[in-house]
Each structure stands twice: as C-alpha cells, then as structure tokens.
Amino acid sequence: MNKEIDDLTIDWERSKRQTFPEVVYCQGKTDQQCIEAFKALYKAYPTFMGTRGRSSIYEALKKDMPELVYDETSHILYVQKEKKIVNGDRLITVITAGTSDVPVAEEAAITAELMGNQVDRIYDVGVAGIHRLLDKLNRIRKANVIIVLAGMEGALASVVGGLVNVPVIAVPTSVGYGASFHGLAALLGMLNSCSAGVSVMNIDNGFGAGRLAHTINSRR
C-alpha cells in the first residue's frame, strides 16, 4: 500500500513487483524531500538508491545513515548493507564511445550492480579508433546483455550490435558539438540502427538502461 509522507508517496509494493525498491529521482526535488524519502527507504530496505543526487543531500544524511554512499561520477546516492549477486555469472557489459560518456555509463553500471548483477566496464572504445573495440571483442562476447553509450553520431551501438548475438541497449548521451543537438543526433542514429537486437533508451538515461539490463539478465 502506498504511504504518503507530506507531498511524497512511496511505492512500497514496487520491490515485490519489480524485485527492487522505488528509486528516488532527486533532480527537481528539494533536499528536504529527498532526505525524507531516503529516511523512509532506509527503515525498510537494506539496499536502495537515488539518481541525479547532490552532495548536499549526502552531507545532510551521512551522520544518521553511515552506509550511505555518494558517487560523484554518476551522481547516485545509495545504501547497500549487503552485496548480493542474484543473476549468477550472467554478465552485463557497459561500453562507452568516449570518456565523456562515463558519467551516464556509471549510472547504468551502478544501477545494475545494486540490483544484483555482475558488471564489466569497457570505456573509451569509440569508432574514431575502432581497433580499440575490436581488441576487446572476446571480452565483449562474454556478456549476456550489453549497454552501449555514445554521443556525437551514436554509431558505436550499431557497430556493437553487428558483432554480438545478445541484446544491446543503446543510450545516446548529450556529448558532442553543436549539430549533435545535446544528444538528439545520437538518439536518431541509434533509432535508425540497422543492427538487429538493438533497443534505445532516452538521452542520458543510464538508470533506465541499467534497470532494463537487469530485467533482461534476470530472464536469460
């Protein structure tokens, strides 16, 4: 049953429906709203998280919530009292075209890890130096699900999709110069991929990619 906390309504049934508690999207919320949500989740769950977090939220909570971690790269706030691998050796691999894509990649990777998956990270292997990707091909093909993050023209997702036989989740990032339109060019490129088995998330939606990868990994 949902329980309201001032102007917040925590979905307490989500962990039963989707195997993981409701995730707090901190952007657009006040620090106090985020703090109240985290306090409620802390009482109920050993592992939970918030995305697009801020250091000010962490500073306000760290004394009363010693297990709380703030990852400055992904801007994820999380508590993980006990690490569990629920999907065995089924590997999720996260690949970026460039180092500038890493913040969104880490949002995806940490999300997948907190949900109980093993994650391999392969960063900065974009098509401008495609030999870097090909050098990692044997490692990439060990994955059960792959997340590919790229800005600019977003070509890496199509390349990876054509080299593997597992689901590829493409995430366009807002990295690029003017005509990239803050990720729109990469989004359109990925949506028009001719590689089979490529799905596409919204721009910079690392969390959505990590969550979807977990769902796929739990069923394969």
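Worth pointing out:
- Cβ charges +1 (Lys, Arg) and -1 (Asp, Glu), total dipole of the chain, debye: 800 debye
- Of the trypsin sites (Lys or Arg not before Pro) found in the range 123-218, those in coil by DSSP whose Cβ has at most 16 other Cβ atoms within 10 Å are K136, R141, K142.
- Over 27 Å (Cα to Cα) - which of K43/K83; K16/K84; K43/K142; K16/K81 fall in this group: K43/K142
- Distant-in-sequence amide contacts of Y123, defined by a placed amide H-H separation under 5 Å and a gap of 5 or more residues or a different chain, comprise T96.
- Dipole in debye (nearest 20) - the range 3-80, about Cα centre, beta carbon charges: Lys, Arg +1; Asp, Glu -1: 180 debye
- From the coordinates shown, volume of the Cα convex hull per residue in Å³ corresponds to which of [x] 124; [y] 138; [z] 116: [x]
- Our helix-only sum for the chain, with -39,500 (n - 2.57) per DSSP H run of n ≥ 4 divided by its residues, gives a mean residue ellipticity at 222 nm of -9000 deg cm²/dmol.
- Counted residue by residue at 0.36 nm each, then reduced by the alpha carbon distance between them, the extension gain from I130 to D11 reaches 38.4 nm.
- Each Cα pair under 8 Å and six or more residues apart adds its sequence gap; the mean of these over the residue count of the chain is a relative contact order of 15 percent.
- You can think of it this way: the chain between R139 and Q32 has 34.2 nm of extra reach, that is 0.36 nm per residue less the Cα-Cα gap.
- The 3J(HN,Hα) values that the Karplus relation (6.51, -1.76, 1.60; θ = phi - 60°) gives for the range 128-140 are, in residue order, 5, x, 5, 4, 5, 5, 5, 5, 9, 4, 4, 5, 4 Hz. Gly and Pro appear as x.
- Distance from the range 179-201 to the range 55-78 (C-alpha centre basis), Å: 33 Å
- Translational D in µm²/s for the range 3-80 (Stokes-Einstein at 25 °C, 0.890 mPa s, Kirkwood Rh from C-alpha pairs): 197 µm²/s
- Here the Karplus curve 6.51 cos²θ - 1.76 cosθ + 1.60, taken at θ = phi - 60°, turns the phi angles of the range 44-57 into couplings of 10, 9, x, 9, 7, 7, x, 9, 6, x, 9, 5, 5, 5 Hz, with x standing for Gly and Pro.
- Taking a point 7 Å out from the Cα of T19 in the direction of its Cβ, the residues of the range 188-220 whose backbone N falls within less than 18 Å of it are 207-220.
- Rounded to the nearest 20, the Cβ-based charge dipole of the range 91-217 about its Cα centre (Lys and Arg +1, Asp and Glu -1) stands at 360 debye.
Coordinate-derived values only; no laboratory data. Every value quoted in this text rests on a predicted model; they were computed, and no experiment measured them. Heads up, the Cβs are rebuilt from the backbone with ideal geometry, glycines too, and the neighbour counts pull from every protein chain shown.
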